[in-house]
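Accompanying notes for the structure given below.
Laboratory data are not the source of any read-out in this text; all were calculated from the coordinates shown. Please read all numbers here as calculations on a predicted model, not as lab measurements. All Cβ positions, glycine included, derive from the backbone under ideal geometry; neighbour counts span all protein chains shown.
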4 protein chains.
Amino acid sequence: MPGSKVMKALVYHGPGKKAWEEKPKPVIKDPTDAVVKILKTTICGTDLHILKGDVPAVTDGRIIGHEGVGIIEEVGKGVTNFKKGDHVLISCITSCGKCEYCKKQMYSQCENGGWILGHLIDGTQAEYVRIPHADNSLYPIPKGADEEALVMLSDILPTGLECGVLNGKVKPGDTIAIVGAGPIGLAALLTAQFFTPSEIIMIDLDDNRLKVAKTFGATHTINSEKENPVEKVMSLTNGKGVDVAMEAVGLPVTFELCQKIVAIGGHIPNIGVHGKSVDLFLEKLWFRNITITTRLVDTVTTPMLLKTVQSGKIDPRKLITHRFKLDQIMEAYDTFENAGKKKTLKVIMTNENE
Amino acid sequence: MPGSKVMKALVYHGPGKKAWEEKPKPVIKDPTDAVVKILKTTICGTDLHILKGDVPAVTDGRIIGHEGVGIIEEVGKGVTNFKKGDHVLISCITSCGKCEYCKKQMYSQCENGGWILGHLIDGTQAEYVRIPHADNSLYPIPKGADEEALVMLSDILPTGLECGVLNGKVKPGDTIAIVGAGPIGLAALLTAQFFTPSEIIMIDLDDNRLKVAKTFGATHTINSEKENPVEKVMSLTNGKGVDVAMEAVGLPVTFELCQKIVAIGGHIPNIGVHGKSVDLFLEKLWFRNITITTRLVDTVTTPMLLKTVQSGKIDPRKLITHRFKLDQIMEAYDTFENAGKKKTLKVIMTNENE
Amino acid sequence: MPGSKVMKALVYHGPGKKAWEEKPKPVIKDPTDAVVKILKTTICGTDLHILKGDVPAVTDGRIIGHEGVGIIEEVGKGVTNFKKGDHVLISCITSCGKCEYCKKQMYSQCENGGWILGHLIDGTQAEYVRIPHADNSLYPIPKGADEEALVMLSDILPTGLECGVLNGKVKPGDTIAIVGAGPIGLAALLTAQFFTPSEIIMIDLDDNRLKVAKTFGATHTINSEKENPVEKVMSLTNGKGVDVAMEAVGLPVTFELCQKIVAIGGHIPNIGVHGKSVDLFLEKLWFRNITITTRLVDTVTTPMLLKTVQSGKIDPRKLITHRFKLDQIMEAYDTFENAGKKKTLKVIMTNENE
Amino acid sequence: MPGSKVMKALVYHGPGKKAWEEKPKPVIKDPTDAVVKILKTTICGTDLHILKGDVPAVTDGRIIGHEGVGIIEEVGKGVTNFKKGDHVLISCITSCGKCEYCKKQMYSQCENGGWILGHLIDGTQAEYVRIPHADNSLYPIPKGADEEALVMLSDILPTGLECGVLNGKVKPGDTIAIVGAGPIGLAALLTAQFFTPSEIIMIDLDDNRLKVAKTFGATHTINSEKENPVEKVMSLTNGKGVDVAMEAVGLPVTFELCQKIVAIGGHIPNIGVHGKSVDLFLEKLWFRNITITTRLVDTVTTPMLLKTVQSGKIDPRKLITHRFKLDQIMEAYDTFENAGKKKTLKVIMTNENE
C-alpha cells in the first residue's frame, strides 16, 4: 500500500516469540537514508539465533532480517547514487564510507554501521526498510538481472567468499576442505571455484547436504558421523592434509578438526559464529607455517559478485530450495527451522503487494 | 689442528649432561656437503631445552648448536657456490633446494633438511661442522664484514623478522607490541624497524631487558608483573589495541595476552616455541578480522639481512653481551643459563685455534 | 576578516598572468562541503605549469593551489567528521567516498572529485577555500602537531610514497635509484626510507639538490651532466642495475635512463608528469621480468603519513627552505620559480590575518 | 635403439636450413644431469624464429626444441628426485635451484640455466636429450596422466599463465582482452579462466583462430582487420576499457593497442617476444594507475598446472590440432609453418621407436 503509513513486518518479541504484524512504515531520518520497498528477502541462520534470544542486543519490537532486494521508495537529500524506482541489492553490512574502517574497506567494522540491520535497527523482513548510508550500503541491480539469485548476495555469498575463500587464499590446484555444508559452507563451495581448486572435500553430518554439495562441485564428501574425517582426509591427501581448511559451523569440535587436517603451510579461515573459546594446538602448529583468520563479512566483494552472476560464472539460485509469498513468512520460518527434515537450504519470500 | 682427525665439541649426554670433549673431525659424506671450520658460534635458548632433555629427537652423543660463521675447509664435488677458504654464514636451516617445500621457499619444511643441525645431525658448537646441501644452506660473507654481527643472522634475526615482523605484516605508522624481550623478542624489535612502525611496546617481566629494549628502539615498555599489560596497552592506544601483537615467549599466558591486546583487523604472529595448547578466544575474535600465524624460520630473508647489515641499516652486535673463546664454552653456557643475573642476551664464542 | 564576504586569493588570468587580488569568500554549496580558513599553504611545480598555460582545463579567474592546512570555518549539514574550529589537513585529492573508484581506494580517479582543487574549482592559495566531500577529503590534525610540516602531506609526500615507493615495492636491502632530486624526488627519498633500502642513488643535474639529497639519506649521488649515469649505476651495482628506478622528472630522457639502469626483476615506478610519449625498449626488457607503473597520487596513505610524522619517524620540514606571509605570495612565487638560483625546495606561506 | 650410441634429431644448419639426421646420443656430463628418452615433443613459434636465423646465439649443428615428455634413461650421481624409468615432463626452463635468481623463484634468469634447451645446448626435437640440473628442471608425471596433454606444460601453458594471467592479476569478474589468438594467446585464454573473469575478448586477424577462441571460452572476439578494435572494446565496456590487456603477439602495433584499450587501474602484461622498441603513451597513461609487466616464463607454476590437468580443471589437449610420428618431423614443421592454411595450433610428434 504505497500511500499507507503502515506495513507488515516480522517482529521479535523476546525469546521464542515472533509475529508478522503491522508496524509503521519507515521514513527518511537522515539525509543519507533511503527507504526501500522489499521485493524479495530471505532468512539467515543468525535470525534463528536472534529468535532464540542468543543475541541480547536485539530487543523486543525489532523487525529482523538483513538480506533482500527491493525498489527505492524514497531517498534523503544526501543520496546521490540512487533515485526513486531504482532496483537495489541490500547489503547485510551498512557502511558510512567515511570512518577509519570504511576507508580501509573494513565495512564490517564501520563506526556508523556494520551489521545493524535486523539487529540494532529494523531489518528487511518487512514490506519496507530504511537503509542508512544508502550510497555505500546499497548496490544497483543491472537491468534484466535475476533478482532472486541476487538475494544470495546480501550476505551468504560474500560471507563464504570473503571469510572463507579469500581469507583462505584458495589457489588453482589447491586441495581444500569445507567443514559444514549448510548454506554458508555451500556458498564457500560455490565461490571457492572462482579460483579453480583441484579437490574440494565437503564434511558434514547430513547426507542430503553432502549430496547437494556434490552437485555444487565438491569432489569428495565425508559424513563425519559415519567416517573418521581426519583419517579420510589424510588418505585423500597422501597424508599431507589440505591447503585450506574452512570452518563453516562455529563449534569447538569443527574448529579443532580444521587444525587436524590442515597441511604444512596451510590456511584455516574461520567463517562460523563462535560462542565459546576453542583449543588451539600450538604445540603442534607452531612450526607448521599455518595461518588462521577470522572475519565478519565486509561485503567488499559485492560488486565483483554482481559481475560474476551477471556473466553466468556462478549461479546462486542453486542455494534456493523453497519459495513463499512474503506474508507466508511464518511458514517460511517453519521450513527453515526444520531444514534437516525439509531439506531446506535458503528460502525466498516475495512481496507481491503493490 | 687442520691436519688432525679429531676436534673438540660440545656434546649432549642425556638430560642435564654435556661435555666439551674430543670427537672425530667431520668429513664429506655426500657430494653436496661442505665441512666448515667454525670461527664464531653462539648459544640459543633451544640449546638449553635440548640439554634439559626437552627435545627427545636429540640423542646421547650429539654435538649441539645451529648457529655460526666459519671458513670452508672442504667441499664435496657437487658444491659449486663455495670453495675452500671462503668465509661463510651457516644457516640454522638446511635446505636441499629441490624438494616440494624448498621450491616454495619454505626451507624450514625441507624434506631433506630443515632444522637438523645440532638436532638430528651434529651441530656448530665444535671446531668443525659438516653442512649438507651446502650450496643452499650457507651464505657467502662479503669481504670486510663484521663476522661477529653475522652470527646473529644464523637464526635469531631471520626468526624475529620472518615469524614476527613479516608474518605480522608490520607497516609504517603501525603500533605494535612484542610480548617477550628475550633475544628473539629483541631481534623482532630490531627488524620490525625495517618497516618504520610508529610505536613499539615491549612487554616482559625483566626490567633489565626492558631497559635494553628502550635502547634498541622500543617506544614504550611494560613490566607485566608490575602493571596490568592489557590496561596499559589499551591506555596507550586509545582503547583500540595494537596492529600487531607478537608472541615471543611460548606460553599460554603470553599468547592469551596477545589476543587481548590486538586491535580489530590486527595480526598475532607467533614466534614462541609452544609445548601446550592454548585457549583461542574465538567467541571474541570471530568477528574482529584477526590473523594468527605460526612459522618455523625459513631463513629465506638471509640475503636481505646480509645487505642490511652490510649497509649499516641494522646492527646485530647490539644483541651480544658476552664474549668467550670457543674452549671456554662451559663458562659461556653458565653465563647464558643465568641470563637474568648476568644480564646476558647473546654470547659469542670465538675459535682461536689455527 | 571573519565577518567579511571577500578575501584575497592568487588568481590565474591566462598564460603568464596571475594576481593576488580580492575574490568573494567561498560559501557552502553542497551539504558535504566545508569552508576552511587557510593557515598555511605552499606552491607546487604543477602550479607553475598552470601559470604557463600548460593545463588548458584551468581557466581565467581560477584560484590556484591544492595544498595546505587550515581551520574549519563552516561545514555543510552532511559533514559529520568535522566541526567549526577543527584544524585540518587538506588533501590535494578530493574524494566522494562512494563512487566505484573511491570504493577501490583509487581516490585520484574519483568520479566526483580527484584532483580538482586549483584546477577545476578554486584552490588553496587564498584566505579561504571550499572543500567538497569534506569528510573524505580533509584529515584531522592531532593536537600539538607541527602544522608546517603537515603541509607537505597535502601532496608531495603521498605522491613520492604512493607513486614511487609503494608502486616500486621498495624492500629492506634494496638498491634503488631516484631520477630527479626536485621536491617530489626528495619526498620519494624520504619516504623510501620507511622500507630500509640499503642503497639510495640520487640522480640529478643540480649539485645543490644532490647535496641536499645526501643530507636526506641518499647513499650515492650522480650528476648526470658530469658523469655517465648508466655507467656509474652499473659500477655501483656490480653491473646488475637497481631494484627500483623511480622516474621523478617527467621527460623521455629520464624515463629512458630508468629503463637502462633497472635490474632483472626490477621496478620502474613513474612519478613524473609526462607531456610526450617515450620509447619503451621492449626488445631489451621483454625477458627481464620488469614492472612499470603509473599513478596519480590517491592520498590513501595520508593517515599513515600522519602517524609517522606524529611519531617523529619522518621530518617533512626538511623540505621547506623558505617562509613567507600569505600576502607575500608573489615573492614566494618568485623564489619558487628561481629554485636553482635560490636553492628553493618548498616554500611555506602563512596566513597571519585574524 | 637403446643400446645404440647414435640417434636421430632435428638439427639447425644456418638460416633456412634444418635436417632430421643422425647425431651422437647424449650422455651424462655432470652429476646433476639426466638423459631423457623423448616420448612426445612439439614445435614452438620460437623454433621458427631460430630456423630463420633470428636468434644468433643458436649456431650450426644445434638440435632445437625445448618442450616434451619422456622417460628417464640415465641419471647422474647427484640426481635424487628421479631414477631410470620415471616418466617426466621437461620444462623449457632449466634451473639450478641454487643461484640468486632460482632462490627467488625467477628460474628464467637462472645463472646456470634459464632458456638453454634448443638454444645454447641441444634440445628436445630428438630421440634423446640431456637435461642439466635434472632435479629442478624435470617434473614427475603422475601415473595415468595424459602425456600428450602434458607436453603443453613444457612452455606454452606456464607462459600464458605466468606472463599473461598472473602478471596481469586477472580476478573474478574482470573484463580482459587478449591480443593475439595464436597458441600462446590461447594458452593465456585457457589459464585466465582459473580466475573466473566475466568477459574475455579475443583479438586477432585470423577468423579461424577467433572461432577456436570462442570454443575455448572467449566471450567476444574481434577481427582487428575487419573492425576497429579500440572502438569495439570501448563499446563492449561502456567506454571504460578492459581490466587486463594482454599482449600475445610481439609487435609495436599490438602493444600500442593494449595501451589504448586498458581501463584506469588496469594491467598490461606483455607475453610477446619483441624485436623493436615501442611507443609508450606516458602522456596519456601517467595519471591512469596502469601496470605494465614483462617476463620470461619461470615455469614456477608447473606443479600447480600438473594438479589442474590431473583433476580435469583444464584440458590442454584442446591446443593440439595435428599429430605425427617423431620421424615425420619435417612434415610436422610444414604443418606448423603453414598454420593459417592448415588451421594448426600445436603439433605433437610421438617417438614410437623402442
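Mind giving me the FRET efficiency for B:Asn238 and C:Asp334? R0 is 51 Å, r the Cβ-Cβ distance, nearest 0.05 is fine.
Efficiency computed from Cβ-Cβ geometry: 0.70.
Using modelled amide H (1.01 Å from N, peptide plane; none on Pro or chain starts), what sits under 5 Å from the amide H of A:Tyr128, excluding residues fewer than 5 places away?
Residues meeting the criterion, in which the H sits 1.01 Å from N, are A:Ile38.
Give the value in nm², to one decimal: projected area of the alpha carbon convex hull of region B:200-252, averaged over all directions.
3.8 nm²
Given region A:270-338, what whole percent of its Cα pairs are spread farther than 14 Å?
78 percent
Normalised by the empirical 2.2 N^0.38 Å for globular proteins, what value does the Cα Rg of region B:159-293 take?
Cα Rg divided by the expected 2.2 N^0.38 Å: 0.92.
Rounded to the nearest 10 degrees, what's the angle between the helix A:252-261 long axis and the longest principal axis of chain A, both from Cα atoms, 0 to 90?
Rounded to the nearest ten degrees, it is 50.
Please compute the net charge surrounding C:Leu236, taking Lys and Arg as +1 and Asp and Glu as -1 over other residues with Cβ under 12 Å from its Cβ.
Net charge around C:Leu236: -1.
Taking region D:142-219, how much of its Cα-Cα pair set, in percent, is spaced more than 19 angstrom apart?
So the portion of pairs separated by more than 19 Å is 35 percent.
Taking only the Cα atoms of region D:12-87, how large is their convex hull per residue, in Å³?
Dividing the Cα hull volume of region D:12-87 by its residue count gives 107 Å³.
Dividing the convex hull volume of the Cα atoms of region A:233-298 by its residue count, what figure in Å³ per residue is obtained?
Looking at region A:233-298, the number lands at 88 Å³ per residue.
Return the FRET efficiency for the residue pair A:Thr80, B:Lys284: r is the Cβ-Cβ distance, R0 is 51 Å, and the value is rounded to the nearest 0.05.
Computed FRET efficiency for A:Thr80 and B:Lys284: 0.85.
Between copies, how far does the label point of B:Asp54 sit from its twins, in nm, shortest first, when each point is 7 Å from Cα along Cα→Cβ?
Copy-to-copy label distances at B:Asp54, shortest first: 4.0, 6.3, 6.4 nm.
With the radius of gyration and the Kirkwood radius both derived from the Cα set of region C:213-325, what is their ratio Rg to Rh?
1.02
How many nm is it between the label spots at D:Glu231 and B:Lys214, if each spot is 7 Å from the Cα in line with the beta carbon?
The modelled label-to-label distance comes out at 7.5 nm.
Can you list the distances in nanometres, one decimal and ascending, from the D:Gly275 label point to the identical position in each other copy, with the point 7 Å along Cα to Cβ?
Between copies, matching label points for D:Gly275 lie 3.7, 7.0, 7.3 nm apart.
Using a simple spin-label model with points 7 Å from Cα along the Cα→Cβ vector, what separation in nm is obtained for C:Lys325 and D:Asn353?
Result: 9.6 nm between the two label points.
Which whole number gives the average, over all residues in D:294-307, of C-beta atoms from other chains lying within 10 Å of the residue C-beta?
4
Using the beta-carbon distance between A:Lys52 and A:Asp146 and R0 = 45 Å, what value does 1/(1 + (r/R0)^6) give for FRET efficiency, to the nearest 0.05?
0.85
Mean residue ellipticity at 222 nm from the helices of chain A, using -39,500 (n - 2.57) per DSSP H segment of n ≥ 4 over the full residue count, to the nearest 500 deg cm²/dmol?
-6000 deg cm²/dmol
Could you give me the radius of gyration and the Dmax of region A:1-144, taking only the C-alpha atoms into account and expressing both in angstrom?
14.6, 41
Considering amide H positions built from the backbone, and no H for Pro or chain starts, which residues 5 or more places from D:Phe324, or on another chain, come under 5 Å of its amide H?
D:Ile348, D:Met349, D:Thr350
Along Cα-to-Cβ, 7 Å out, sits the label point; list in nm, shortest first, how far the one on B:Ser235 is from those in the other copies.
Label-point distances to the other copies, shortest first: 5.9, 6.0, 7.0 nm.
Please enumerate, by chain and number, the lysines with C-alpha under 16 Å from the C-alpha of B:Lys232, excluding those fewer than 8 residues away in the same chain.
Output for B:Lys232: B:Lys240, B:Lys260.
When only alpha-carbon atoms count, how far does the protein assembly as shown stretch along each of its three principal axes, as whole angstroms with the largest first?
93, 68, 65
Can you list the residues, at least 5 places off or on another chain, whose amide H is less than 5 Å from the amide H of D:Gly173, using H built in the peptide plane?
Close amide H contacts, sequence-distant or interchain: D:Ser198.
Along each of its three principal axes, how wide is the spread of alpha-carbon positions in chain A, in whole angstrom units, largest first?
Principal axes ranked by extent give 66, 43, 39 Å for the Cα atoms.
At a Cα cut-off below 21 Å, give the lysines reachable from B:Lys52, other chains included and same-chain residues fewer than 8 away excluded.
Straight-distance partners of B:Lys52: A:Lys284, B:Lys17, B:Lys18, B:Lys276, B:Lys341, B:Lys342, B:Lys346.
Quick one: what are the phi-derived ³J(HN,Hα) couplings along region C:145-151, Karplus 6.51/-1.76/1.60 with θ = phi - 60°, whole Hz, x for glycine and proline?
6, 7, 6, 5, 4, 5, 4
What distance in nm separates the simple spin-label points at D:Leu120 and C:Lys342, each placed 7 Å from Cα in the Cβ direction?
Output for this residue pair reads 5.6 nm.
For region C:307-320, just list the computed ³J(HN,Hα) in residue order, Karplus coefficients 6.51, -1.76 and 1.60, θ = phi - 60°, integers in Hz, with x standing in for Gly and Pro.
With the stated coefficients, region C:307-320 comes to 5, 6, 5, 4, 8, x, 7, 9, 10, x, 4, 3, 7, 8 Hz.
Could you work out how far helix C:183-192 tilts from the main Cα principal axis of chain C, as a 0 to 90 degree angle to the nearest 10?
70 degrees
Most exposed first by the Cβ proxy, i.e. fewest other Cβ within 10 Å, how do A:Met234, A:Met246, B:Met7 rank?
Listed from fewest to most nearby Cβ atoms, that is A:Met234, B:Met7, A:Met246.
Sorted from fewest to most neighbouring beta carbons within 10 Å, what does the list D:His87, A:His133, D:His13 look like?
The most exposed by this proxy come first: D:His13, D:His87, A:His133.
Could you line up B:Thr254, A:Thr221, C:Thr219 from fewest to most neighbouring Cβ atoms inside 10 Å?
Listing B:Thr254, A:Thr221, C:Thr219 from fewest to most nearby Cβ atoms yields C:Thr219, A:Thr221, B:Thr254.
For region C:97-109, just list the computed ³J(HN,Hα) in residue order, Karplus coefficients 6.51, -1.76 and 1.60, θ = phi - 60°, integers in Hz, with x standing in for Gly and Pro.
x, 9, 8, 3, 6, 4, 5, 9, 6, 9, 4, 4, 9
Above 14 Å lies some portion of the pair distances; for region B:93-132, what is it as a whole percent of all C-alpha pairs?
Considering region B:93-132, 42 percent of its Cα-Cα pairs are separated by more than 14 Å.
Relative to the longest principal axis of the C-alpha atoms of chain A, give the angle of the C-alpha long axis of helix A:207-216, reported between 0 and 90° and rounded to the nearest 10°.
Tilt of helix A:207-216: around 80 degrees.
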